[in-house]
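What follows is a single structure, written as structure tokens, with notes after it.
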Amino acid sequence: MKHLAPLLLLLSGPLLGGVASGDEPTVDGHYVLRGKANKGSRYRGEARILRRGTELELVIKRGDVSIRGPLRKQGKSYRFTTESTKGIAASLPFAERPGKKTFEARFLPRKGELLGQWRVRQNGKVIASGRELLRPSKGTGGVHLAISVDWEGRELSERNLAAIERFRARFPGVPLTHFLNAAYFTKPNAEADNLIAAKIRRALRPQDELGLHLHGWRSLIEAAGVSFKTTPNFWGPNRSLSPVGGDMGHEVEIAAYTSKQLQKILTFSRKTLSDRGGFEIKTSFRAGGWIAPPHVLEAIKASGFDTDTSSVPPSWHDELDGLALRSRLFELWGQIRTTTQPYAVETPHGLVLEMPDTGALADYVTSEEMTQHVREALTRQRKARGEVIYVHLGFHLETAERYLPRLTRTLEALRADNNPRLVIETLSASAARVRATSADEKQALEAAMATMLGEESNLPLPGLGGQE
């Protein structure tokens, strides 16, 4: 049941526990939930315990789904049991197991936290189980915004560079994550290396991050020692490639190339930007057209990139209706929402941290939509309290004169809000925060699991029948 663990949050969240009344300490408040299914992956969520007179009620939030239910004290632990085909049960995708299911769990207080076990039972058999750590929210966190620039490798026009310089003058302290493209150096009519590098540096500041952006430019592909492909065109099979400065291939999906070929292109791109431009490319990547199926992620990991931000909510791209690219984005990223948070992707060469481009790029999103996107994240974060929420906005270098004013108006509106919970940082800074948080949670969860496995604090659920 590979899909089971993240969704069991809906089951296990309402089991956070509570107290009946009297002299026992209150457990009203907000909780951060971390757990692991015995046959599945780790999962996370949040919950709030409310007091309704003498009774306690638990409200669970997972994604767009909210559920609630009563909490009951039993001895030193807290117990939750429900049997239904609606509510919580309907929220779990047990399509292969229709019918009623019984949900049971117990939680034991331990050093200010709650250690728990849960199970799902049907027809006398346990079909899922797991353990959890429930930690009171500390009330910290915030919304962390990364702003990126896609350098397409097309041209370095004065009007677009000047637009970025005006933006940097207006927001001198705002860090940007630049996804540079080596194709500026490989075009047949390219200027001298020092002139190209000087133009790019006009947009850079010391606080910025440099990552890599890759489109299927012929000059770049062939310079890397790979045979150029003319298809698939992400605008559509009947669209011809547009020549630019003696070059072509911007519209060709980089997914057309094998993982081995992409590794050659990626390595060459990084070396070209370093040797010919003096740019030190870090470990963040975005694919041209956001097209990064699994073998692309495999290639970037093998080439030394550990963070990808090619995932994007296709809902932003209604301007592309009727074009192949929008269908491709739904195919690759149909599960990505504007609220999707960072997640790990397993490749043959190790994990890639996927940092979703939650707000797409300014070409496709209005200033009002970008502003609302960040404000809605701040609202969610305020309600969640101890959580950190990550959001992403950006623009293209090649269309900066036309679309960067949208982002300018958004940042002016956010600056006027003066919300102390909004942090603007580079993508690598956000990624480092995600990794550090995940490592801390993993260590705490594993310690809790070890404790729960001990004989003294094991929480058996009596009367269980059947096998898992």
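Under conditions of 4 °C and 1.567 mPa s, the stretch 142-425 yields 68 µm² s⁻¹ as its translational diffusion coefficient, taking Rh as the Kirkwood radius over Cα pairs in the Stokes-Einstein equation.
Going by how many other Cβ atoms sit within 10 Å of their own, how do T340, T231, T358, T102 line up, fewest first?
Details: T340 19, T231 12, T358 26, T102 16.
Arranged by neighbour count, lowest to highest, T340, T231, T358, T102 become T231, T102, T340, T358.
Positive end of the dipole of the stretch 262-411 (Cβ unit charges, origin at the Cα centre): among L407, G359, Q381, the Cα lying farthest that way belongs to Q381. Here is the list for the stretch 221-312: GluC sites (Glu not before Pro) lying in DSSP coil, each with at most 14 other C-beta atoms within 10 angstrom of its C-beta, are E280.
Net charge in the neighbourhood of R168 (other residues with Cβ under 13 Å of its Cβ; Lys, Arg +1, Asp, Glu -1) is +3. For Q207, neighbours were defined as the other residues whose beta-carbon sits under 13 Å from its Cβ, and their charges (Lys and Arg +1, Asp and Glu -1) total -1.
Per residue Cα convex hull volume for the stretch 309-418, in cubic angstrom? Intermediate values should be presented prior to the final figure.
Values: hull volume 14.2 nm³, N = 110.
About 129 Å³ per residue, rounded to a whole number.
Dipole of the stretch 142-425, Cα-centred, from +1 at each Lys and Arg C-beta and -1 at each Asp and Glu C-beta, to the nearest 20 debye? Don't jump to the answer; show the numbers that get you there.
Details: 34 positive and 35 negative charges, 90 e Å.
Computed about the Cα centre, the dipole is about 440 debye.
Working note: Karplus 6.51/-1.76/1.60 with θ = phi - 60° gives the stretch 302-318 the couplings 5, 9, x, 9, 10, 10, 10, 9, 8, 5, 8, x, x, 4, 6, 9, 5 Hz, where Gly and Pro are set to x.
On a C-alpha basis, how far is the centre of the stretch 212-233 from the centre of the stretch 291-357 in Å? Whole number, if you could? For the stretch 212-233 versus the stretch 291-357, the Cα centre distance is 20 Å. Summing Lys and Arg as +1 and Asp and Glu as -1 over all other residues whose Cβ lies under 10 Å from the Cβ of K301 gives a net charge of -4.
Can you list the trypsin sites (Lys or Arg not before Pro) in the stretch 190-240 that are in a DSSP coil and have 16 or fewer other beta carbons within 10 angstrom? Passing sites in the stretch 190-240 are R202, K229, R239.
Read-outs: derived from the displayed coordinates by stated rules, not from any lab. Here the structure is a predicted model, which is why all the values come from computation and not from measurement. For neighbour counting, all protein chains shown are included, and Cβ atoms are generated from backbone atoms with ideal geometry for every residue, glycine included.
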